[in-house]
Amino acid sequence: MNVTMLLDMAVEGFGDRVVVGHHEDGLTAAGLRDRAAAGAAAIRAADADAVIYLDVNGPAFPVALFAAARAGVPLVPVNYRLGREQLDSLLANHPKALGIAAPEQADALERAGIPARTPAEWLESTAGGAAFDGDAQDDEGAAVVIYTSGTTSEPKGVLLRHHNLVSYVLGSVEFAGAEAEEAALVSVPPYHIAAVANVLTNLYAGRRTVVLERFTPQQWLETVRDQGITNAMVVPTMLARIVEAGQGTPLPGLRSLAYGGAPMPAPVIERALRNWPDVGFVNAYGLTETSSTIAVLGPEDHRTALASDDPAVRARLGSVGRVLPAVEVQVRGPDGEPAAPGETGFICVRGEQVSAEYAGAGRLTDEQGWFDTRDQGHMDEDGYLFVGGRVDDTIIRGAENIAPAEIEDVLLRHPSVLDAVVVGVPDDEWGQRIEAAVVIRPGSDVEGEELRDFVRGTLRGSKTPDRVACWEELPRTPTGKLIRRHVVSRLAADSRVS
């Protein structure tokens, strides 16, 4: 099963439908396949063994994805925000690649000895170029190599094979299930698994994909309105800014708004649900290693939880929903055995869409094929999955394990707090002490001690941060993930200075 099969099916089913870009000048499914064939010819002529994509998202990205698949090599979307040293180290892994890069990134590819063209040159070269008519497709080969965000360690290359991605699409999307006028807005960069998944799932469904190259909440709201967007996907930090900017702004055409990639603060989703009650909100939980989504909290789950007076039902608004039929999930205790409902353990997953494979390290699964996500969580009696955060994020203060998310949620309920992170900072007496950094709403004069009192009023004293620092912004990746190691190092340095 090669991902080009999905494109071939789209051409057979709705070849003249615009599936990429704006309706007036976008690419049809047939046009996308023609460009992919021309791009594959260029890749084969260059004798490349991979395609590096080093730019923001845009129409060149899906052409590169399917061209690489047709040529039998992986696409490697690279984080264009990496520093020089980290970028050079990553590119050194792909010395025989063909590069597609923004003009300002050309020097990085030149240092790596990788021939490159800009996205505009790539699109021009694939418009009516000679098509590759060979058969280099490798159904079992790597379709995409995505480097992890490096929020807790150095980035690792995750290998997603064709059968992983195709299995995910076939198990989660109905072919040609979208109406002709439907359009999806994608606001994540191309090196995020959600960008790859959205190209494939929206194409397979027959839905036009529009990309917001650089996110601002106002531009997002305007694009939803001007492009007739019916479906959209954002990360939690984006939704928080959209809610802030869009208070009272109607979104009459928007039917579905999915979010994921990082924990969603309860106050943010509650405000969003009240702002836009007619929009179907979807929480999608997955990892790069699982080819995207493995669990979903659907629109009715959101509405039911918000309206319920039952604490157990209300709590589901903080869950990631139920597991998709195509995968299996177990929460395992410290002994490796399945945990009882409500018992916290490690979230493990298996299924055809699960890669769990890293460049140079092979597959990291046990003998039964289970992959340990290293996320902690639990399931309730009705099968709703709750994710408690990475095991690496847990604060161990004395002999007590403390989940940062619980404290962060309280801080975010304070009306003056826009963003918050809680971490463990090394401490000689306790092993770790609890410290927090927050971003304060403009015009507010709240101070750290007041926020400590606010937390103490909700949680017991042992979970109250020893210090709350007020910063202008928190270090996050473009997809909204907190870079906790940067928070820890800065807070630790501030403590030494003070």
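The values are calculated or read from the model by the stated rules, or taken from the named source; none is laboratory data. Not measured: the values here are computed from a predicted model. In this analysis, Cβ positions are derived from the backbone assuming ideal geometry, glycine residues included, and neighbour counts consider all displayed protein chains.
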Check on H378, under 22 Å from R241 (Cβ atoms) and at pLDDT 90 or above: no
Any chance E367 is surrounded by 13 or more Cβ atoms within 10 Å (Cβ to Cβ) and either touching a residue at least 12 places away in the same chain (Cβ under 8 Å) or over 22 Å from the mean Cα position of the chain (by Cα) (or both): no
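Is the range 440-463 home to any residue that is in contact with a Gly (Cβ under 6 Å, 6 or more places away or on another chain) and assigned to a loop (DSSP other than H, G, I, E, B)? Don't jump to the end; show me each part of the working.
We begin by selecting, within the range 440-463, every residue in contact with a Gly (Cβ under 6 Å, 6 or more places away or on another chain); these are none.
Among the residues of the range 440-463, not one is in contact with a Gly (Cβ under 6 Å, 6 or more places away or on another chain) and assigned to a loop (DSSP other than H, G, I, E, B), which makes the answer no.
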Options L27, L82, L75, L90; residue that is surrounded by 24 or more Cβ atoms within 10 Å (Cβ to Cβ) and either free of Cβ contacts under 8 Å to residues at least 60 places away in the same chain or within 20 Å of T288 (Cβ to Cβ) (or both): L75
When residues of the range 424-438 are limited to those that are assigned to a strand (DSSP E or B), without any contact (Cβ under 8 Å) to a residue 40 or more places away in the chain and of a type in the set (A, V, I, L, M, F, W, C), the one surrounded by the most Cβ atoms within 10 Å (Cβ to Cβ): A436
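When the range 256-296 is examined, which residues are found to be over 30 Å from L364 (Cβ atoms) and touching a residue at least 60 places away in the same chain (Cβ under 8 Å)?
Quick first cut of the range 256-296, residues over 30 Å from L364 (Cβ atoms) only: 256-257, 265-281.
P265, A266, P267, V268, listed by residue number.
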Residue match in the range 277-296 (condition: farther than 20 Å from R374 by Cβ, over 17 Å from the mean Cα position of the chain (by Cα), modelled with pLDDT of 95 or more and assigned to a strand (DSSP E or B)): yes
Those strands (runs of 3 or more DSSP E) lying entirely in the range 1-98 with at least 2 residues farther than 19 Å from T209 by Cβ: 51-54
Verdict on T344 being touching a His at 6+ places or on another chain (Cβ under 7 Å), on the phi < 0 side of the Ramachandran plot and of a type outside the set (D, E, K, R): yes
Residue among D133, D55 that is farther than 25 Å from T288 by Cβ, of a type outside the set (A, V, I, L, M) and either buried (at least 22 other Cβ atoms within 10 Å of the Cβ) or touching a helix residue (DSSP H, G or I) at 6+ places or on another chain (Cβ under 9 Å) (or both): D133
Checklist (1) within 22 Å of T394 (Cα to Cα); (2) under 30 Å from the mean Cα position of the chain (by Cα); (3) hydrophobic (A, V, I, L, M, F, W, C) applied to L459, failing item: (2)
Total residues in the range 381-407, condition assigned to a loop (DSSP other than H, G, I, E, B) and either closer than 20 Å to V323 by Cβ or at pLDDT 75 or above (or both): 6
The range 324-353, residues that are buried (at least 21 other Cβ atoms within 10 Å of the Cβ) and assigned to a strand (DSSP E or B): V329, V331, G345, I347, C348, V349
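For (1) touching a Ser or Thr at 6+ places or on another chain (Cβ under 7 Å); (2) within 22 Å of V173 (Cα to Cα), each residue gets a yes or a no:
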position	(1), (2)
D8	no, yes
D16	yes, yes
L32	no, yes
L82	no, no
Qualifying residues in the range 440-482 (those that are more than 30 Å from F215 (Cβ to Cβ) and of a type in the set (K, R)) - the one surrounded by the most Cβ atoms within 10 Å (Cβ to Cβ): K463
